[in-house]
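What follows is one structure encoded as structure tokens, with my remarks underneath.
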Amino acid sequence: MTQGPTSLLPVWARTTARRPSSRRQSLHATTAEAMDGEEAHHRPSSSSSSGRPFLSGLCAAALRRKPISARASAAASGEGLVRQLGVLELVLLGIGASIGAGIFVITGTVARDAGPGVTISFALAGAACVLNALCYAELASRFPAVVGGAYLYTYAAFNELTAFLVFTQLMLDYHIGAASIARSLASYFIQFLELIPSVKGNVPSWIGHGEEFFGGVVSVNILAPILLLILTVILCRGVKESSAVNTFMTTLKIIIVIVVVFAGVFEVDVSNWSPFMPNGFKAVVTGSTVVFFAYVGFDAVANSAEEAKNPQRDLPIGILGSLLACVILYVAVCLVITGMLPYTLLGEDAPLAEAFSAKGLKFVTVLISIGAVAGLTTTLLVGLYVQSRLYLGLGRDGLLPSIFSKVHPTLHTPLHSQIWVGCVAAVLAGLFNVHALSHILSVGTLTGYSVVSACVITLRWSDKATNSRSLGKISIWQEGVFCLVIVALCGFIAGISYRFSYSIAFIIIAFLIATVGSFSLLYRQVYVPVDPPRFSCPGVPMVPIVSVFFNMFLFAQLHEEAWYRFVILSLIAVGVYAGYGQYNAVPSTSDHSSVAYHGVPSEAP
């Protein structure tokens, strides 16, 4: 008999789980087991649930894992989205999500501290994202093509509560990011209109730039929510329509960025690159954490799995292709802009436009304004798209109200989820200066990427090996998870030591401990090879280990308020899960296959 993830539960949970119950009584459902070719559902009866201590029930629910094939069958039964995205659309989707604020806004902000070294900041963040993208590409090619991305992978590899925490951290990033980008788009749109002499100076600040009231507590911006609602309507119409808009505008901004780079090359003064890192390498590393969020496009590609025509083949191409294109464009723009003007003269709101205006290239400034509008529009469009698909996944699994799981029968879009994320972003963008919250972004992104990298390792472990060996009172699987946690903590400690200039000995010790944990992961675990033609992340487990370590190193460079946000939001998420999620989640369905992936690990009792 092959044992499934229910073996994680205590003995009493596994005993009572075999009693049949109604749908309402399946509140603490465990994952399905494959037994001699027949399906077996594990759901506790109401009597066992009512007599169970709250903390014990919470722990039992939190440790559940998702049988991925169940979500696949739900999507295939007619409740899913329509597959209309080819490989080109996926690549442009990733570029559309990334190339926007990163080029037209963030470059100037980071350059004020990092100087021309902002180029290295983008390169470092890009290198970290390449490692993450390799992990994403493997999981996207191996999992059934349904929505969920990092949340879905975590649900299969670790447990329900960890998946919900990943979702909440990512979602706050997306909500704040969407509102912030909407306000930047409104500001750029007004600047573009003000190129018309009769309009310049006649637009009230409360329309597009934002006007503060009540001592800055409220910052009214009328245009930002209007733009958000327009994009929400486009997304509600269908993925074909929204993909067409994204393809056109992304192609336009890529052409404009290339033109801007070639025009700026002839205005570069290499003396502006000296000193290249005026505030030292530490400022460059800190800058890399700020620009990290500019590379989130490949996460959007992973979340489009249910709408990709050939997901197992096209998703890895879309993920890696879009990321590499973004790295090249970011680095090229940074070199040009810091070579055209001294970094101290670069503006923080529209650095590209100001650099070319200073050189008297007015026609390029017009192109930049058009490119900025197009770039921010696609970034916002894809961001709203990803949010709705994540809410759709949580709604299907019962961790959020079922209204989020509805797909419109004719439009084939998650209408309620899409309207919800559009309204949330519209309220934030219309009433608050969310730019002030930019320093707490990237928390969810770095957290999600770290967990995804760990998922590649855990999902490659052999079930047979994890069941047959143990170390003392813990199994080999538990030992491996412990080592992953140690690697992550060592990365964070090394980052803290570097940031606050502690003794180099702390960094060395943290690195050595992480190395010991890595060797344990390398030699005590048995890894199942991934067969072609599906994509296989190279160098498993070392590449994902380095990814986890580096992500947590960058996490340590974030502003202290970002750490507070991580802790507070995690506590809130645990409370929401304890009060709602654990009782309504349905991790198993009538699907009789257990897990459509190599070795979602199970343990012997």
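The values are calculated or read from the model by the stated rules, or taken from the named source; none is laboratory data. The model shown is predicted, which means the values in this text are computed figures rather than measured ones. As a convention, Cβ positions derive from the backbone with ideal geometry for all residues, glycine included, and neighbour counts pool all protein chains shown. In case anyone asks, the SASA skips ligands and DNA or RNA and just uses the protein heavy atoms, side chains included. Shrake-Rupley method; radii C 1.70, N 1.55, O 1.52, S 1.80 Å.
Once the other residues with Cβ under 14 Å from the Cβ of Gly238 are scored (Lys, Arg +1; Asp, Glu -1), what is the net sum? Show your work: numbers first, answer last.
Values: positive: Arg83, Arg237, Lys240, Arg389; negative: Glu89, Glu241, Glu306, Glu307.
Computed value for this residue: 0.
Once you divide the Cα radius of gyration of segment 193-303 by 2.2 N^0.38 Å, the number left is 1.52. Remark on segment 326-379: Rg and Dmax equal 11.2, 30 Å (Cα only). The candidates Trp461, Trp563, arranged from most to least accessible area with a 1.4 Å probe in the full protein assembly, appear as Trp563, Trp461. When the residues Glu354, Glu89 are ordered by accessible surface, computed with a 1.4 Å probe over the protein chains alone, the sequence from largest down reads Glu354, Glu89. Take the Cα of Glu211, go 7 Å toward its beta carbon, and the backbone nitrogen atoms of segment 419-438 under 16 Å from that spot belong to 430-433. Amide H contacts of Trp461 (H built 1.01 Å from N, in plane; Pro and chain starts excluded): Val528 sit under 5 Å, all sequence-distant by 5 or more or on other chains. Both radii were evaluated on the Cα set of segment 293-415; the Rg over Rh quotient, with Rh as the Kirkwood radius, amounts to 1.12. Eigenvalues of the alpha-carbon gyration tensor of segment 160-258, scaled by 5 and square-rooted, set the equivalent ellipsoid semi-axes at 28, 23, 12 angstrom, largest first.
Among the chymotrypsin sites (Phe, Trp or Tyr not before Pro) within segment 363-406, not one is in coil by DSSP while having at most 13 neighbouring Cβ atoms inside 10 Å. The phi-based Karplus calculation (6.51 cos²θ - 1.76 cosθ + 1.60; θ = phi - 60°) puts the 3J(HN,Hα) values of segment 148-158 at x, x, 4, 4, 5, 4, 5, 4, 7, 7, 10 Hz, whole numbers, x for Gly and Pro. With the charge dipole of segment 214-319 set up from +1 on Lys and Arg Cβ and -1 on Asp and Glu Cβ about the Cα centre, the Cα lying farthest toward the positive end among the listed residues Pro311, Thr251, Ser271 is that of Pro311. In the context of the full set of protein chains, residues of segment 306-457 present 31 Å² of accessible surface per residue (probe radius 1.4 Å, heavy atoms only). When Lys406, Lys362 are compared by accessible surface with a 1.4 Å probe, the order from highest to lowest is Lys362, Lys406.
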